[in-house]
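The structure under discussion appears below in the form of C-alpha cells.
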Amino acid sequence: MVDGPLFSAMQFEIYLLEIVNEVYFRMRYDYETLRKSAEEKLDRKIKALSDGTYTFKFAEFGCRRRLSREWEDVVVRRLATETDKCVGTSNVYLAMKYNLTPIGTYAHEYVQMYQGIDKIPLAYTNHYAMRDWYNEYDGDNGTALTDTITTDLFLRDFNRSMVNNYTGVRHDSGDPYEWGDKIIAHYEGYGVDPKTKLLLFSDSLDFDRAQALYDYFKNKAKVSFGIGTFCSNDTCEKALNIVIKLQYVNGRPVAKLSDNPEKSMCRDTEYLDYLKRSVEFRLNREK
C-alpha cells in the first residue's frame, strides 16, 4: 500500500509493479531458462512482423509486468530496429534511447481521483476529469481512456468539443469489437469521420488478437495497439496479472467500474454498489 499526496503516490505504481514482477521471476524460476524461452519467442515474433504475417502498427506497453529491466530494453531495441511495426513505447527512457515516440494516455487513477472530491457528483467524474485535461492541454489532448466508470457513461460526457479535440480513445476492458463499433457510431452521431480518429486497443493483447482487430477496423478508423506483457514477459512460464489502483482519496473510497465486471476494483463493497447505482441512475435518466 502506498499512502501520501496523490501527485507523488501515483508514481509508485510503475516502480512497485516492475520491481515485484522482476524479483518474483528471478527468485521463483531459473532466470536464464526464462530468458532463453523469451528470446526464442521474440525471434519468432520479429520474423512474423517482418514477413507480412502481421501488418498492424503498435506500441510496447510492457514496463509494469516486464520479465526484467534488461529484457525490456532488449525487446524494445529489437522491435524498433528489426521491424517497422513498433512505433513507440510507454517507457519514456527507452523511447528516448531508441528514438521512439513515448505513447500513453491518462490512467484510470486520474478519473478515479475525482470521486474523492466532495463537490463533484460521482456520475460526472469523467466530465470533470476530461474538462480539466482539455483545459490543461488547450485542446491538444491525445487519447482518452473510456472505461474507468464504464464506456457507456463516458460517452455521455464525450461531447462535440471533446470528440473534435481528442485524437482518439483507448479500449482497456469489455468486448473490443462491440466497443469499437459503439465508438464509431458515437463519432458518426456528431458528424465526425471515424477514419480521422484513433481506436487504441490495449486489453491483454497478443499479436493474433491485434491482427484480427486491425483487419476488422482498419477501413473504419485509425487503429493502433498498446501491447504489454506479450512483448515484455512472454516466457515458458505464465506471466503475473498484477495491478495497482487507487482505493481512497481524501479519506473516501474510490473505485474502478470497468466494462468487464471482473476488472472492477474497490475494497469497499458498499461504495462500489453505490457507485454502480449512481452510474445506472444517470444512464437511465439521460436515455
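Cα-based count: Lys pairs in the stretch 169-287 below 18 Å, eight or more positions apart or different chains?
Eligible lysine pairs with Cα atoms under 18 Å apart amount to 18.
May I ask you to rank Phe7, Phe61 by accessible area, largest first, using a 1.4 Å probe over the protein chains only? Could you put the intermediate results ahead of the total?
Values: Phe7 165, Phe61 45 Å².
So the residues, ranked largest to smallest area, are Phe7, Phe61.
Under a 5 Å amide H to amide H cut-off, with H placed in plane at 1.01 Å, what residues pair with Val223 once short-range neighbours are removed?
Leu199
What is the local net charge at Asp215, summed over the other residues whose Cβ is closer than 14 Å to its Cβ (Lys, Arg +1; Asp, Glu -1)? If you can, show how the numbers build up before the last one.
Values: positive: Lys57, Arg209, Lys218, Lys220; negative: Asp208.
Once positives and negatives cancel, what remains is +3.
Just want the answer: with Cβ charges of +1 for Lys and Arg and -1 for Asp and Glu, which residue in Thr167, Gln115, Met1 is farthest toward the dipole's positive end in the chain?
Thr167
Take the alpha carbon gyration tensor of the stretch 158-287, find the square roots of its eigenvalues, order them as a ≥ b ≥ c, and report rounded if a/c is under 1.5; if not, report prolate when a/b exceeds b/c, else oblate. Don't skip to the answer; put the middle values down first.
Numbers: a/c = 2.28, a/b = 1.09, b/c = 2.09.
It comes out oblate by the Cα gyration axes.
Looking at the chain, send over the antiparallel percent of its DSSP beta bridges, to the nearest 5. List each step's numbers first, then the result.
Numbers: 3 of 23 bridges.
Of those bridges, close to 15 percent are antiparallel.
Translational diffusion coefficient, Stokes-Einstein: compute it for the chain using the Kirkwood radius over C-alpha pairs as Rh, at 20 °C and 1.002 mPa s, and state it as an integer in µm² s⁻¹. All intermediate terms of the calculation are to be shown ahead of the outcome.
Numbers: Rh = 20.0 Å.
Value of D from the Cα-based Kirkwood radius: 107 µm²/s.
Using a 1.4 Å probe, how large is the accessible area of Ile184, given in Å² and rounded to the nearest 10?
Ignoring ligands and nucleic acids, Ile184 comes out at about 20 Å².
About the Cα centre, and with charges only on the beta carbon of Lys, Arg (+1) and Asp, Glu (-1), how big is the dipole of the stretch 128-287? Nearest 20 debye, please. Let's see the in-between values first.
Working: 22 positive and 26 negative charges, 78 e Å.
Computed charge dipole of the stretch 128-287: roughly 380 debye.
Enumerate the lysines that Lys47 could reach by cross-link, defined here as Cα to Cα under 20 Å, with residues fewer than 8 away along the same chain left out.
Hits, sequence-local ones excluded: Lys36, Lys57, Lys85.
Can you sort Glu270, Glu262 by 1.4 Å-probe accessible area, starting with the largest? It would help to have the intermediate numbers written out before the result.
Details: Glu270 145, Glu262 170 Å².
Order by accessible area, largest first: Glu262, Glu270.
Restricting to Cα pairs below 8 Å that are 6+ residues apart, what does the relative contact order work out to for the chain? Please round to a whole percent. Don't skip to the answer; put the middle values down first.
Working: 423 pairs, mean separation 63.7, N = 287.
So the answer I get is 22 percent.
Using only the heavy atoms of the protein chains and a 1.4 Å probe, how would His186, His127, His108 rank by accessible area, largest first? Each step should come with its number before you reach the end.
On the way: His186 35, His127 60, His108 10 Å².
Sorted descending by solvent-accessible area, the residues read His127, His186, His108.
For helix 125-137, report the angle its Cα long axis makes with the longest principal axis of the Cα atoms of the chain; keep it between 0 and 90° and round to the nearest 10°.
Helix 125-137 sits at roughly 70 degrees to that axis.
If you fit an axis through the alpha-carbon atoms of helix 31-50 and take the longest principal axis of the Cα set of the chain, what angle between them do you get, 0 to 90°, nearest 10?
The two axes meet at around 80 degrees.
Compute the signed sum of charges (Lys and Arg +1, Asp and Glu -1) over the other residues within less than 14 Å, Cβ to Cβ, of Asp51. Don't jump to the answer; show the numbers that get you there.
Working: positive: Arg44, Lys45, Lys47, Lys85; negative: Asp43, Glu82, Asp84.
In short, +1.
For a quick check: with amide H placed at 1.01 Å from N, whose amide H comes under 5 Å from Gly62's, ignoring anything fewer than 5 positions away on the same chain?
For Gly62, whose amide H was placed from the backbone, the distant partners under 5 Å are Ser90.
The values are calculated or read from the model by the stated rules, or taken from the named source; none is laboratory data. These figures come from a predicted structure and were not determined experimentally. Methodologically, a virtual Cβ is constructed for each residue, glycine included, from the backbone with ideal geometry; neighbour enumeration extends over all protein chains shown. Note: accessible area is taken over every heavy atom of the protein model, side chains too, but ligands, DNA and RNA are not part of it. Shrake-Rupley method; radii C 1.70, N 1.55, O 1.52, S 1.80 Å.
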